[in-house]
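Right, one structure below, let's go through it.
The values are calculated or read from the model by the stated rules, or taken from the named source; none is laboratory data. Bear in mind that the values here come from a model prediction, so they are computed numbers and not experimental data. FYI the Cβ positions are ideal-geometry reconstructions off the backbone, even for glycines, and counts take in every protein chain you see. The area values use the complete protein model at the heavy-atom level, side chains included, leaving out ligands, DNA and RNA. Shrake-Rupley method; radii C 1.70, N 1.55, O 1.52, S 1.80 Å.
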Amino acid sequence: MENDYVFAGLGASSCILIHELQRGGLLNNKKILVIDPCTKITNDKTYCFWSKDEEDITQAFSSMASHWWSKISTDSHPPQDMGDLKYYHINSLELYNATKNILTQHEAVFLNETVLKVGSAQQPFVVSESGTHQAQTVFDARPPHFEQVLPEDQNILQSFVGYKITLDDQALNPDACTLMDFNVPQQDHTQFVYVLPFSKNTALVELTRFGTKAISESSAAPALNSYIEENFGPYELNDIERGVIPMFADLKPPKPLPGVIPLGTRANKVKPSTGYAFKKMFAHAKSICKNESAKKEESRFRFYDRLLILILALWPHQGKPIFQRLFQVRDTAYILKFLDEKTSLWEDAKMFYKLPVSIFLRSCFTFLFRKHKPSLFLFGSLLLYSVLDLFVPQIGEPVMYGLLAIGLLLVGIPHGAMDHMTEALSNTKRITLSFILKYLSLMSGVYLLWILSPTTALLGFILYSAWHFGETDIEEWNIETPFIGLLWGVLFFITLFSSHPTETQNILLLLKVPVVDLAFNHSLIYLGAISLSFALALFFRRAQWLSLICFLFLAQWVPLVIAFGTYFIFHHSYKGWSHLKSSLGKNNIALFKNALPFNLGALVLFLFFFLNPQASLEKNVSLFFVFISCISFPHIFCMHRFYALRRKTQKTGDAFLSVSS
């Protein structure tokens, strides 16, 4: 039987949304199903937020707050008044019970089962242990499953262990909470204590860690015990609270599925640099109820988050002095305003000026280098050749050919060495004898075509390469029209060849392909191809596409082989490698190990069957083109299967390819 709403998970984000739907009358006469493996009868979490009395979130949830504070202390500084703000604390059980009361009023059905799958075919559906449940709308609040291997500068966790205590003495100030006190051992991470006093002798005292490894109860216990006894005296431990919150600055929400709305962490509603989520989830719930697009976040605040997370990951010893300095130079009101992302650029500049500037500059340069590394290699290669050609022209081309050979071994060939994992030629995802024979047979067909008709072989190579290059790029740029990929691939080759007419003719002669006289119209062809490419990039608003067009423009002053090799290795192969790494869930080292047998086989194949040491460099370049065309054909077939399956799993919500070691 079809449901109006299915909630996959009943965490904070679902509870907040249900309250907003109730306030808007959007639960009336609705058939509602809630699926969660937990019964939600324990107080397993703590939710906090700050707000003014007149704000909507205060009106909606302040009545559930077990306590609120009007003063905040940071890093052992005296408590500061929050002005017209209050800091609210909500026990998760209070939120669960209030939500279940609403759902009971609307006769919702509860299933204490694990959600196995969320997808959308003709309509949204959820698969649980008892079967498939269809709905008009699915709210997916499951914790995200991180299939890709995130780099270390993103893989940061906020983990905590909290003691709920009763003191022997009345040593607490129930009007003031402590957000961050760094006077605890850092244990090679960034650690601080968080204190929420509920009365003069009861409190939640929590040790929080920002780091690549989650804190354990055993490592937290000595620090917590020492902190409590030194600051408040003897105590009785009533309960322990623990948790882990991802701080992934570049975690992308799942690809949109018709009728499926991600919530909470799955919708990227956790502020990466702090772990606060309640206000973001509330704003998201309001936009859903109003059928509005969520307010776009300020990109500069995401940039700040990335810089801080990079520092906490790579230089964790810098976390404590940064935060301590922040609390020294800015008051609590500003810090909360900054965390709410409501400060101006000028206010931010004044703040950063008073912080340790060098570490933020170092983080900034590191971040920009990592983000734009492919472009740096792409344009850096052009710059290197230009410098060498200007000052030491005799070594310019040999040096570039050497670098391209290294790049081919490190990235170019390895990005095609995972073809067995695509299941196109191997159901076992292993390099078997059957896989090798199929692969070699496809290569042999292309090689035979070169012997029989070089012209046909070359045209075929250009066409299937154009298809493959374009398919890789539109996958990266999230463009779903295959024709656009093919068009861009064709335009790429036309632009590249028409900007190098003489070298193109020389290669055609070496390949025994009839020469086409482009002396008259090659400039016009070049101008038309690059102009159409530029128009497409503007139409689809893709900055990376525009960057590639700039590369093609500059590449006209670089030898054809160097220009093509640079593009192939540092753009195409790098992007293909990244797609494989993310979808197969392997890091670079694991991929290299998996690809090593294929890489060695490809190298042996080239050295013994294609390379001719007695021939000229130009002749070996032509043989290299033949080799690339042969090995590319089965690779393109496999990668097309890979991208088709990748797009299918994104649309249905299935897990991607299972990984074999």
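Label-to-label distance for Thr366 and Gln59 is 4.6 nm, based on points extended 7 Å past Cα in the beta-carbon direction. Computing FRET efficiency as 1/(1 + (r/R0)^6) for Thr274 and Lys45, where r is the C-beta to C-beta distance and R0 is 22 Å, gives about 0.85.
Take every DSSP beta bridge whose two residues both sit in the chain; close to 75 percent of them are antiparallel.
For the full complex of protein chains and a 1.4 angstrom probe, list Phe492, Phe592 by accessible area with the highest value first. Show your work: numbers first, answer last.
Numbers: Phe492 0, Phe592 75 Å².
From most exposed to least exposed: Phe592, Phe492.
Computed from label points 7 Å out along Cα-Cβ, the spacing between Arg541 and Ala644 is 3.2 nm. A DSSP coil position with no more than 15 other Cβ atoms inside 10 Å describes the following trypsin sites (Lys or Arg not before Pro) in the stretch 1-65: Lys30.
Eight or more residues apart or on different chains, and alpha-carbon atoms under 25 Å: count the Lys pairs in the stretch 541-648 matching that.
Details: Lys575/Lys586; Lys575/Lys593; Lys575/Lys648; Lys581/Lys593; Lys581/Lys648; Lys586/Lys648.
For the stretch 541-648, the number of qualifying lysine pairs is 6.
Per the Debye calculation on the stretch 278-411 with a single equal scatterer at every Cα and no solvent contribution, log₁₀ I(q)/I(0) for q = 0.14, 0.16, 0.22 Å⁻¹ amounts to -0.83, -0.93, -1.30. Where the accessible area of the chain is counted over protein heavy atoms with a 1.4 Å probe, how much of it, in %, is carbon and sulfur? Answer for the chain: carbon and sulfur cover 60 percent of the accessible area.
Between Leu524 and Lys117, the FRET efficiency estimated from the beta carbon spacing at R0 = 51 angstrom works out to 0.40. Taking the radius of gyration and the Kirkwood hydrodynamic radius from Cα positions alone, what is the Rg/Rh ratio for the stretch 450-489, to two decimal places? Dividing the radius of gyration by the Kirkwood radius yields 1.16. Here semi-axes √(5λ) of the Cα gyration tensor in Å was computed from the coordinates, and among [x] 40, 33, 27; [y] 55, 30, 23; [z] 46, 28, 25 the match is [y]. Of all lysines in the structure, those lying under 21 Å Cα to Cα from Lys164, and not within fewer than 8 positions of it along the same chain, are Lys40, Lys45, Lys71, Lys200.
Taking loop as defined by DSSP and a crowding limit of 11 other beta carbons within 10 Å, which trypsin sites (Lys or Arg not before Pro) in the stretch 301-356 fit? Spell out each step's value before the answer.
Numbers: sites: Arg302, Arg306, Arg325, Arg330, Lys337, Lys342, Lys350, Lys354; in loops: Arg330, Lys342, Lys354.
Hits after loop and neighbour filter: Lys342.
Starting from the Cα gyration tensor of the stretch 1-46, take the square roots of the eigenvalues, sort them a ≥ b ≥ c, and report rounded, prolate or oblate (rounded when a/c is under 1.5, otherwise prolate if a/b is larger than b/c, else oblate). Taking the square roots of the gyration eigenvalues as a ≥ b ≥ c, the stretch 1-46 is oblate.
If R0 equals 35 Å, the separation of the Cβ atoms of Leu410 and Glu480 corresponds to a calculated FRET efficiency of about 0.65. Sorting Met639, Met180 by accessible area puts them as Met180, Met639; the probe is 1.4 Å, largest comes first, and only protein heavy atoms count.
Classify the stretch 515-619 as rounded, prolate or oblate from the Cα gyration tensor: take a ≥ b ≥ c as the square roots of its eigenvalues, call it rounded if a/c is under 1.5, otherwise prolate when a/b beats b/c and oblate if not. List each step's numbers first, then the result.
Numbers: a/c = 3.44, a/b = 1.24, b/c = 2.78.
Oblate, because a/c is 1.5 or more while a/b does not exceed b/c.
Secondary-structure-derived ellipticity at 222 nm for the chain, considering helices only, amounts to -16500 deg cm²/dmol, per-run term -39500 (n - 2.57) for DSSP H runs with n ≥ 4. Over the chain, accessible surface divided per residue gives 47 Å², non-protein components excluded, 1.4 Å probe. Excluding residues on the same chain fewer than 8 positions from Lys213, give the lysines whose Cα lies under 18 Å from its Cα. Within the straight-line limit of under 18 Å, Lys213 reaches these lysines: Lys320.
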